[in-house]
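The next block holds one structure in the form of structure tokens; read it before the comments.
The values are calculated or read from the model by the stated rules, or taken from the named source; none is laboratory data. Predicted model only: the values in this text are computed from it and were never measured. As a convention, Cβ positions derive from the backbone with ideal geometry for all residues, glycine included, and neighbour counts pool all protein chains shown. The area values use the complete protein model at the heavy-atom level, side chains included, leaving out ligands, DNA and RNA. Shrake-Rupley method; radii C 1.70, N 1.55, O 1.52, S 1.80 Å.
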Amino acid sequence: QVQLVESGGGLVQAGDSLRLSCAASGRTFSTYVMGWFRQAPGKEREFVARISWSATVYADSVKGRFTISRDNTKNTMYLQMNSLKPADTAVYYCAATPFRAGGLARDYQYDYWGQGTQVTVSS
């Protein structure tokens, strides 16, 4: 069982940066693939990025602006978000699943979820 807690969301202006954190419980954090998803009002939850050992995958909409990383010594994953746009406004969720191969860009592929943190980007 893994418990995930996101933090770092907030209200920023377009062009600003934010760093989200996802703290995980448990002693096997390094064996999980970790991902970020987001859900805007009235829209389906969408993939943002994921990281396995060190390999990363990004959605096209955030590529070049967002960076996913993890610190296995701290059981924490991060999402550095730069050049934020109003279209990035959403609730951001972190997710985890035991390590497996594949793109892992679908929410049903993840077993554990955090409660979400709101990111609002004003124009």
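Take the stretch 47-67 and flag every residue that is hydrophobic (A, V, I, L, M, F, W, C) and open to solvent by 40 Å² or more (accessible area, probe 1.4 Å). TRP53, ALA55, VAL57, listed by residue number. Inspect the stretch 56-66 for any residue being out of contact with any helix residue (DSSP H, G or I) (no Cβ under 9 Å at 6 or more places or on another chain) and on the phi > 0 side of the Ramachandran plot and give the result as yes or no. Checked against the condition, which is being out of contact with any helix residue (DSSP H, G or I) (no Cβ under 9 Å at 6 or more places or on another chain) and on the phi > 0 side of the Ramachandran plot, the stretch 56-66 yields at least one hit.
Among the residues making up the stretch 47-100, those that are in contact (Cβ under 8 Å) with a residue 24 or more places away in the chain, within 16 Å of ASP16 (Cβ to Cβ) and not in a strand (DSSP E or B) are VAL62, ASN82, SER83, LEU84, LYS85, PRO86, ALA87, ASP88, THR89.
Check the stretch 68-85 and report whether any residue there is crowded, with 18+ Cβ neighbours inside 10 Å and either touching a helix residue (DSSP H, G or I) at 6+ places or on another chain (Cβ under 6 Å) or at positive phi (or both). Within the stretch 68-85, one or more residues are crowded, with 18+ Cβ neighbours inside 10 Å and either touching a helix residue (DSSP H, G or I) at 6+ places or on another chain (Cβ under 6 Å) or at positive phi (or both).
For the stretch 30-46, a tally of residues being open to solvent by 10 Å² or more (accessible area, probe 1.4 Å), over 18 Å from VAL121 (Cα atoms) and touching a residue at least 12 places away in the same chain (Cβ under 8 Å) returns 3.
Within the stretch 9-29, the set of residues being in contact (Cβ under 8 Å) with a residue 60 or more places away in the chain and either surrounded by fewer than 16 Cβ atoms within 10 Å (Cβ to Cβ) or of a type in the set (S, T, N, Q) (or both) comprises GLY10, LEU11, GLN13, ALA14, GLY15, ASP16, SER17, ARG19. Would you confirm, using the coordinates I've provided, whether ASP88 is touching a strand residue (DSSP E or B) at 6+ places or on another chain (Cβ under 7 Å) and charged (D, E, K, R)? Yes, satisfied.
Which count do you get for residues in the stretch 94-106 that are surrounded by 16 or more Cβ atoms within 10 Å (Cβ to Cβ) and either within 20 Å of GLY64 (Cα to Cα) or among the charged types (D, E, K, R) (or both)?
Let us first name the residues in the stretch 94-106 that are surrounded by 16 or more Cβ atoms within 10 Å (Cβ to Cβ), namely 94-97, 104-105.
Filter again for either within 20 Å of GLY64 (Cα to Cα) or among the charged types (D, E, K, R) (or both), leaving 94, 104-105.
Looking only at that region, the number is 3.
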